[in-house]
Protein chains: 2
Amino acid sequence: MAVYGMLAKFRTEKHGRGQAVSDPIRIEADYLIETTFDPRAAAEAMAGEQSSGTFVPVPGETPELKARSAARIEALDIQDNEIPQPSLPGSANPKGLAEPIRRQARVTLSWPLENIGPSLPNLVATVAGNLFELRQFSGLRLLDMRLPTAFAQAYPGPKFGIAGTRRLAGVADLPLIGTIIKPSVGFGPEETAALTKTLCEAGIDFIKDDELQSDGPHCPFDERARAVMRVINDHADRTGKKVMYAFNLTGELDQMRHRHDLVVELGGTCIMASLNSVGIVGMVELGRFSQLPIHAHRNGWGYLSRSPVLGWSYVAWQKIWRLAGADHMHVNGLQSKFSEPDESVITSARACLTPMFADKPCITMPVFSSGQSAKQAPGTYAGLESADLIVTAGGGIMAHPDGPAAGVSGLREAWEATLAGIPLGDYAREHPALAKALEAHAA
Amino acid sequence: MAVYGMLAKFRTEKHGRGQAVSDPIRIEADYLIETTFDPRAAAEAMAGEQSSGTFVPVPGETPELKARSAARIEALDIQDNEIPQPSLPGSANPKGLAEPIRRQARVTLSWPLENIGPSLPNLVATVAGNLFELRQFSGLRLLDMRLPTAFAQAYPGPKFGIAGTRRLAGVADLPLIGTIIKPSVGFGPEETAALTKTLCEAGIDFIKDDELQSDGPHCPFDERARAVMRVINDHADRTGKKVMYAFNLTGELDQMRHRHDLVVELGGTCIMASLNSVGIVGMVELGRFSQLPIHAHRNGWGYLSRSPVLGWSYVAWQKIWRLAGADHMHVNGLQSKFSEPDESVITSARACLTPMFADKPCITMPVFSSGQSAKQAPGTYAGLESADLIVTAGGGIMAHPDGPAAGVSGLREAWEATLAGIPLGDYAREHPALAKALEAHAA
C-alpha cells in the first residue's frame, strides 16, 4: 500500500487540472522501476531494448544510428527506501553482489517520433512492449506518457466529449444521473425495454447496457435496440427529454458498424464498447465512423493495473483511448465495491479532464460507477473540482425506499446541494428523496 | 516463486499433448483465487458479478432467469497452504473476523453460451472482465478456458499453421531456423535489405522485423518490403529457396490491408502483427483477409502475466489469438534473457500445439526467441516433444566466430543431432560450425 500511495502522489503532481499542456518533440514515458542493479544502468537496458539495440550492442548499431534512433533517459529519481523482497518473480541480481540493495525509482525515457511515426498501435509496442519481462526488474509500471502533437493530427479524439454529451442528453450543468440495466444478463429485449420505461419515468438522464450484454441469443442487439428506442422515443415525444442510452455494440468490426448504424437510424444518442475487447484497431475504426458519443468501458482493467508495481497506470492508459475517440471513460467511484482506493479514482478522473494537447484537449467525460449513491457527491466534487461527469448508480436508484423516481431525485438533489455548497444533511431537510437516500446508504 | 511453480503444475496437468479435446456445452474458465472469505462464497461472488447478478441479488433476477443465465461453479480445489500477506492490495476481509485465514484455490466457472454467443470480444468481457477488481480477492488469475465448438464455427483459426508454414518456407522436418533484423530500429530499407542478403546467403529459413519496426519515417514499410523482397526473390531465383520474411505490418486497419496486399503482390510469404497493439477486432479482421501466415508477436505480454497471482496464463490467452487466426505465436525460449522460467516456456509452447477442438485443432507454431543458440535444442525438444517450431536467434547466428553462415549451420546441426538422438558434443566432433557455436555460448 505504501507503494500505491507513492504512485498516486506521482500522478497527482503531474495532473493538476490547471497544469500547462506539454508539447514534447519526442515521445516521453514515465515508469516506476524496481531493481537491484544500478538504476541508471537498468534504465539504459530498458532504453536499449525498446529502441535501436537489444540486450547488448549489435553490429550495425553505429554512433550515427544510435544518435538518430536510440531512446534516451530524460530523468531518473531514485527513492530512498530499500525494498526487502522482490515484488515480482523472475528478476536477476548483478553478478558478484552477495547482498544487493533493491530500490525503486521513477525514470523518464524518450524516443524520437521518427522511430514509429504517430501510430497508436506502434506506440504501445514501444512504450509498453517487451520491457515488462526484463530480468533487471522486479517491478515495472508505466505511469504516464506525453506525445508529440503529430498524434493529435493523426487521430480524431472524442467527437462529442462533455459539450456534445450534455447537448444530446439535455443536461446543462449537473452530472448526468445514470444507471445500468440489471440483471446484467438474462433480460430479453422486452424486459429491458420495460425497465427502461420505468427509468425514463423516474427522470433518469442516462442508461447503459451491462458490459456482459451485447448480442446474446436471448437478447439480440437489434431487437433490444428497437424495443428500447421505442420507449425512449415515446418518452421524448411526450416529455421533450430524450434519455441517453449507451447500447453495448462490442463485437467484430462489421457487427459494430451494423449496430452503430441501427442506433443512429433509431434515433439513439450513444453507443458503448469494451476497450479491452475491441482493442486499439477496433476502437480507432469505431472512433472514425461513429456519429454518436462512445461510452468506453474498461472491464478487464484490473488485470492491467491491480499490481502496484506492474502494468499500466490509468493516467497513461486513458490517453490511448481518448485519442482514438472515447467520449466517456469509466473510473470506478469513491467508496466503491472494487479494490481501487479513492485517491486513485480521483487521480484517474482528473486525468480524463486534463487536456492532452493545447489545440486538441481530447477531454473525455469520466464515468463514476460501482456502489454509487447520493452520499458520494460531495467527496467526488471535492476531488474532481468539476461536475462534468456521469454517475451510474444501480442500488442507489432502484433500491430507494420510495422507488426509482425518488432514487433519481435523491441523487440529483445531492449534486444540486453539492454544487450550491450546501451540506447534504441541510439540503435533505427540505428534500425527502435525498433524506431517504442518505438514510438507506448510511452504512 | 512457490506460487509460480504451482501454476505451472496446473497447466502441465491440463495440457499434455495427448490430452483428449474437451467439448463443453458451456463456456468454462479456470482461475487461481486468493481470498480470506470462504472460497465457495467468494467464487459465488465472481459467478454473480460475471453473469446475471451484481454484488447482491437484484430485482428481476428471478429463479428462471438465474437458471437460464447465471454462471455456475463447476469445481473448487482449495489449497492447504495459508498465505500470510495479501499478494495484491485493495482486498477486504469478512466482517467480524479478526484474524482471517488467507488461502488460494483453483476454481472453475461456467457460463451458458447463450449469454454472449460465440463472440471473442464478448468472451473476454465475460471471463476476464470486472472480476479482477473484486475486493473479495487479493489474487485472481485466469489459468485456462474451454470453449463450445460454436466458437470454432464462428472464427477462421490459423489458415496455414505448421503444414502451410513448412510448405511456404520449404522446411520439411527441422525447426525453421530464423533471426530478427537488428538493430531493432534505425536501419533504413536498403540497410535492412543488405542484412537480409547476408542472412539469405547464410542459409537462413526465416527472418522477422523487430516489433519496434513497422512503418517509421526512416524505414517506411513499403520501401522496406520492396527492397527486402527484391533480395529474397533474387535469392529464390538463384537457389530455389524462398526465405520466409515476417513483415511487421502492425498499424490501423487500412494500413494493415494495404501492407498485406503489397507483401502478397511482391511474392512475400509471411506477415507479422503485435497482438496487444492491434487487439481482438484488428486481429480477427487480419485473420479474415490474410492470404499469408500471420506471425503473432506478444510484446507487452509481461504486463498481462508477470505477477503470478494476477492476469492471464498463456494457456488461456493464446486460445483467443489462435481462433482469430495466428499461425505463429511467441513463447520466449529456454534459458532466455527474460524473467519467465523455463517450465512456463515449455507449458506455453505445448499449449500452442494442443488441439482446441476435435474438428478444428487451430494449431499454431510456437516461436522460441531471446538468447537462443545451438545449446538449447535438446532441452527444447525434450520439453516440447516436437520439432514443429520456429527458433529465432540473434547473437546465436550473427555473432558466430565464423560468421552468419556458420551460425545458421551450427543451429541447424544442433537440431539435426537432437532429432537423431545424438548428444550435441558427439555431433560437434564432425561438425565444426556446431562445435564453435557451443563453445561461443558455453557460459
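Taking one equal scatterer on every alpha-carbon of chain B, how large is log10 of I(q)/I(0) by Debye at q = 0.10 1/Å? One equal scatterer on each Cα of chain B leads to -0.75. Evaluating 6.51 cos²θ - 1.76 cosθ + 1.60 at θ = phi - 60° for every residue in the range B:407-418, the Karplus couplings come out as x, 5, 4, x, 5, 5, 4, 4, 6, 4, 4, 4 Hz, glycine and proline recorded as x. Taking the helices alone, chain B has a mean residue ellipticity at 222 nm of -12500 deg cm²/dmol, built from -39,500 (n - 2.57) per DSSP H run of at least 4 residues and averaged over all its residues.
Taking the Cβ of B:Ser274 as the center, what net charge do the other residues with Cβ under 9 Å away carry, scoring Lys and Arg +1 and Asp and Glu -1? Cβ neighbours under 9 Å give a net charge of 0.
Shortest first, B:Pro423 label-point distances to identical copies amount to 8.4 nm, with the label point at 7 Å from Cα along Cα→Cβ. Nearest chain A C-beta to the A/B rotation axis, reported as residue and distance in angstrom, is A:Gly279, 0. For the residues of A:208-216, the average number of beta carbons from a partner chain within 10 Å of their own beta carbon is 6. When B:Met398, B:Met256 are sorted by how many other C-beta atoms sit within 10 angstrom of their C-beta, beginning with the fewest, the order is B:Met398, B:Met256.
Modelled spin-label separation between B:Ile25 and A:Ala67, with each label point placed 7 Å from Cα along the Cα-to-Cβ direction: 7.1 nm. In chain B, if the dipole is taken from +1 on Lys/Arg beta carbons and -1 on Asp/Glu beta carbons about the Cα centre, which of B:Pro100, B:Pro86, B:Gln291 is farthest to the positive end? Positive-end residue among those listed: B:Pro100.
Per residue of B:339-347, other chain Cβ atoms within 10 Å of the residue Cβ number 2 on average. For A:Ala246, the residues 5 or more places off, or on other chains, whose built amide H falls under 5 Å of its own are A:Ile207, A:Lys208, A:Asp209. Build a GNM of chain A with springs between Cα atoms under 10 Å apart, and of A:Val408, A:Val107, A:Val281 the one that fluctuates most is A:Val281.
Taking every C-alpha pair closer than 8 Å and separated by at least 6 residues, the mean separation divided by the residue count of chain B gives a relative contact order of 17 percent.
Annotation: the antiparallel percentage among DSSP beta bridges lying fully within chain B is about 45. Between the range B:275-307 and the range A:371-428, the C-alpha centres lie 42 angstrom from each other.
Net charge near A:Ala193: determine it from the other residues with C-beta under 14 Å of the C-beta of A:Ala193, scoring Lys and Arg +1 and Asp and Glu -1. Summing Lys/Arg as +1 and Asp/Glu as -1 gives -3.
Distances, shortest first, from the label point of B:Phe289 to those at the same position in the other copies read 1.2 nm; the point lies 7 Å along Cα to C-beta.
Position A:Arg40: other-copy label points at 6.0 nm, ordered by increasing distance, label point 7 Å along Cα→C-beta. Diffusion coefficient (Stokes-Einstein, Kirkwood radius over C-alpha pairs, 20 °C, 1.002 mPa s) for the range B:112-271: 116 µm²/s, rounded to a whole number.
When only Cα pairs below 8 angstrom with a gap of at least 6 residues are kept, the range B:112-271 shows a relative contact order of 19 percent. Relative contact order for the range B:242-289 using alpha-carbon pairs under 8 Å, separation at least 6, rounded to a whole percent? This gives 44 percent for the range B:242-289.
Net charge dipole, the range A:219-264: roughly 260 debye, given to the nearest 20, about the Cα centre with Cβ charges of +1 for Lys and Arg and -1 for Asp and Glu. Other protein chain C-beta atoms within 10 Å of residue C-beta, averaged over A:292-301: 3. Just the Cα atoms of the protein assembly as shown, one point each, no solvent: what log10 I(q)/I(0) does Debye give at q = 0.05 Å⁻¹? Relative scattering, expressed as log10 I(q)/I(0), comes to -0.27. For the options B:Ser214, B:Ser313, B:Ser69, a Gaussian network treatment of chain B with springs between C-alpha atoms closer than 10 Å singles out B:Ser69 as fluctuating the most. Positive-end ranking of A:Pro121, A:Phe247, A:Pro355 along the dipole of chain A, with charges on Cβ about the Cα centre, is headed by A:Pro355.
Rule-based calculations on the coordinates, nothing more; no lab input. Given the structure is predicted, the values throughout are model-derived calculations rather than measurements. Virtual Cβ from ideal backbone geometry, glycine too; neighbours counted across all protein chains shown.
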